[in-house]
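Colleague: Got a structure for you, written out below as structure tokens; questions coming shortly.
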Amino acid sequence: MGVRTSNIMKANAVLMMLLMVTAALAGCAGDESEELIDQLEQDAATHEGMMESLNQTLDALQRDMALLNTTIESLNGQIGSLDGQILQHISDITALNKHNGSMTMEIDQLSSLIFTLNESMTRLESEVVVLETTRSSLTSQISSLETLKASLEAQVASLTAANQELVATNANSADEISDLQEIAASLNSTISGLLETIAELENSPPSSVNWSSTLDVVIERGFLKCGVKGGQYGMGYYDEDTGELSGLDISYCMAIAAAIGFNPDSDIEYIYTNSDRFELLSNGSVDVLIRTTTWTASRDADLNFDFGAINFFDGQGIMVNLDEFPNADSALDLDGASICVAIGSTSAGNIEDYFVENDMEYQAVSSWNDGPDFANEDCDAVTGDMSGLVSMKWQFEQDGSADFEMAIMPEVISKEPLASVTRDYDSEWNEVVSWVWYGMVTAEEFGITSHNYQSADTSNPSIDRFLNENLGLGTQLNPLDNTWMQSVLSSVGNYGEAYDDAFCDGGYDGYSGSESMSACLMPRSGTLNALESEGGLQYAPPMR
């Protein structure tokens, strides 16, 4: 019956022994003992009742315990069943996660396909515009030829009538008649040729014109023709002592070559351009123009070119001969100065506007060799892009060609965004040219450099996509390699590294920011050429 029942039985046995001892003692103790015995018997009876009640309570507790054990066994069974359900749910969740991952990949693939289709649509829309323009031009030519045909037919009819009249009136003028017949025959031949030309134009669809992308032409040729400067330190500068080209524009050319699979040290032909730069681009003598070229509305529209990425935000400034204006520390101190400037250039227009707006006088000295003319003191000051003035001052200080003190005034009097340039209707090539620069900017934003790109954290999907995806660039015939950006980094580094190589001491680590660049001829910190994160304008669209 359990431990408690055993204890109760032991207590009853002890109590009975006490009663028996008490009875034995009663025979010896007299009346008082009898009263004590009676009291003890009553107490024993009371204890027996209590024991009986405790036994009943114990029985009830044992029944409750049995019921609880049954309930616990039932709950344990339910817990076992729930464990099975939990395991099934975990399995279902794992399967759903796997399915979700698969769906995410499909969504990414579809997004990439949509992007590609949109790019193709844009390209086709551009081609439609070209074809419509060509059709309009051909229609105009056909109309002109038909008008010419009618005129020639009228002349033939007139000559034929004149011939008949001469035959009728002067049968002896055989020589004149023969001449007229030869003229008529010649005109008939000309008309026949014109009719054949019209037929060919009508039967030749505009699509028969070759619209090959410059990228395909460059790949087939095997080298890139890059239009650059050769005399501006920091942008495009040829060092006669070393025989090497350097500068930000040169690094940009090298980056493009690397991106399309060329060796940037051997597969680029640098073509020095001056005022003929747009003509050379238009006639195909250069594939891309990266030559401190300001992006303007008229150049974009009237010259039929497309501008790409802006690799340098420049502005026009003025450098003054301090011997002529010894107290000048501002462009506003140059009233009455003679200024060397190329007449007809954007610089000439900007300097004229600046002096008019500030109610000052100046004398323009026409010069396409403004540096030497300024050094020869043909003018008191020279104006041009700030990057050009910095380079000019550096050159004078190196070779001592200017025998006077000079200073660049602090005012920036215009916006001169210097950008890459390609021909119109060459969108796939322009995209490559532009996104190579944006890739260099993005690399610096990520802190990815020429030294660490191979160990970059590609578990980050943005970095993995940046370093290991084509992103739709190139043509159907010549798509860029998936690792094109790694080739760019290997060749020239990120934007900060290229800037440091061009204007500073080349010691920049590629990720610590403009303030860590040292010995800069033209500092980047605090200028428009700093990254957007540093308050500048160099900012790349998403690489995805």
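The values are calculated or read from the model by the stated rules, or taken from the named source; none is laboratory data. Quick caveat, the model's predicted, so the values are computed rather than measured. Methodologically, a virtual Cβ is constructed for each residue, glycine included, from the backbone with ideal geometry; neighbour enumeration extends over all protein chains shown.
Colleague: What tally of residues in segment 359-388 results from selecting those that are in a loop (DSSP other than H, G, I, E, B) and hydroxyl-bearing (S, T, Y)?
Modeller: 1
A quick yes/no check of all residues on (1) modelled with pLDDT under 95; (2) closer than 19 Å to I250 by Cα; (3) over 15 Å from the mean Cα position of the chain (by Cα):
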| residue | (1), (2), (3) |
| --- | --- |
| K415 | yes, no, yes |
| T422 | no, yes, yes |
| S427 | yes, no, yes |
| N430 | no, yes, no |
| W435 | no, yes, no |
| M440 | no, yes, no |
| E444 | no, yes, no |
| I448 | no, no, no |
| H451 | no, no, yes |
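Colleague: Taking the criterion of being within 21 Å of S434 (Cβ to Cβ) and of a type in the set (S, T, N, Q), would at least one residue in segment 491-503 satisfy it?
Modeller: Yes, segment 491-503 has at least one match.
Colleague: Let me ask something else. Under the condition of being among the polar types (S, T, N, Q) and exposed (fewer than 15 other Cβ atoms within 10 Å of the Cβ), which residue from segment 517-544 is nearest to G447 (Cα to Cα)?
Modeller: S533
Colleague: Continuing with the same structure: Would you kindly identify the strands (runs of 3 or more DSSP E) lying entirely within segment 219-290 that contain at least 2 residues that are in contact with a Leu (Cβ under 9 Å, 6 or more places away or on another chain) and under 21 Å from W429 (Cβ atoms)? Outline the logic, then answer.
Modeller: On the way: elements: 224-228, 236-239, 244-246, 268-272.
The qualifying strands (runs of 3 or more DSSP E) are 224-228, 268-272.
Colleague: If I filter segment 286-313 down to residues being surrounded by fewer than 17 Cβ atoms within 10 Å (Cβ to Cβ) and touching a helix residue (DSSP H, G or I) at 6+ places or on another chain (Cβ under 8 Å), which single residue comes out as nearest to G536 (Cα to Cα)?
Modeller: T296
Colleague: With the checklist (1) in contact with a helix residue (DSSP H, G or I) (Cβ under 9 Å, 6 or more places away or on another chain); (2) free of Cβ contacts under 8 Å to residues at least 40 places away in the same chain in hand, flag the one item S459 doesn't pass.
Modeller: (1)
Colleague: If you go through segment 411-434, how many residues are within 18 Å of R299 (Cα to Cα) and out of contact with any helix residue (DSSP H, G or I) (no Cβ under 7 Å at 6 or more places or on another chain)?
Modeller: 8
Colleague: Can we say I339 is part of a helix (DSSP H, G or I), surrounded by 15 or more Cβ atoms within 10 Å (Cβ to Cβ) and out of contact with any Gly (no Cβ under 9 Å at 6 or more places or on another chain)?
Modeller: no
Colleague: Being among the small types (G, A, S) and more than 18 Å from the chain's Cα centre (by Cα) narrows it down to one of S487, S512, so name that one.
Modeller: Only one candidate qualifies: S512.
Colleague: Given the condition assigned by TED's automatic domain parsing to the domain that holds Y438, touching a helix residue (DSSP H, G or I) at 6+ places or on another chain (Cβ under 6 Å) and touching a residue at least 24 places away in the same chain (Cβ under 8 Å), answer yes or no: does some residue in segment 511-520 qualify?
Modeller: Checking segment 511-520: not a single residue is assigned by TED's automatic domain parsing to the domain that holds Y438, touching a helix residue (DSSP H, G or I) at 6+ places or on another chain (Cβ under 6 Å) and touching a residue at least 24 places away in the same chain (Cβ under 8 Å).
Colleague: So for segment 393-408 (the condition being touching a residue at least 40 places away in the same chain (Cβ under 8 Å), part of a loop (DSSP other than H, G, I, E, B), within 30 Å of S298 (Cβ to Cβ) and not assigned by TED's automatic domain parsing to the domain that holds R524), does at least one residue qualify?
Modeller: No: segment 393-408 contains no residue that is touching a residue at least 40 places away in the same chain (Cβ under 8 Å), part of a loop (DSSP other than H, G, I, E, B), within 30 Å of S298 (Cβ to Cβ) and not assigned by TED's automatic domain parsing to the domain that holds R524.
Colleague: Can you name every residue in segment 428-467 that is surrounded by fewer than 22 Cβ atoms within 10 Å (Cβ to Cβ), assigned to a loop (DSSP other than H, G, I, E, B) and either not assigned by TED's automatic domain parsing to the domain that holds G506 or not acidic (D, E) (or both)?
Modeller: G447, T449, S450, H451, N452, A456, T458, S459, N460
Colleague: Does Y499 satisfy the criteria of being under 17 Å from Y252 (Cβ atoms), of a type in the set (F, W, Y) and either out of contact with any Cys (no Cβ under 6 Å at 6 or more places or on another chain) or in a helix (DSSP H, G or I) (or both)?
Modeller: In short, yes.
Colleague: Pick from segment 468-505 the residues that are without any contact (Cβ under 8 Å) to a residue 40 or more places away in the chain, more than 28 Å from L528 (Cβ to Cβ) and not polar (S, T, N, Q): which of them is surrounded by the most Cβ atoms within 10 Å (Cβ to Cβ)?
Modeller: E469
Colleague: Still on this structure, I have one more. Only one of these is under 23 Å from F307 (Cβ atoms) and either in contact (Cβ under 8 Å) with a residue 12 or more places away in the chain or among the acidic types (D, E) (or both): A337, A364, A342, A331. Name it.
Modeller: Going through A337, A364, A342, A331 in turn, the sole match is A342.
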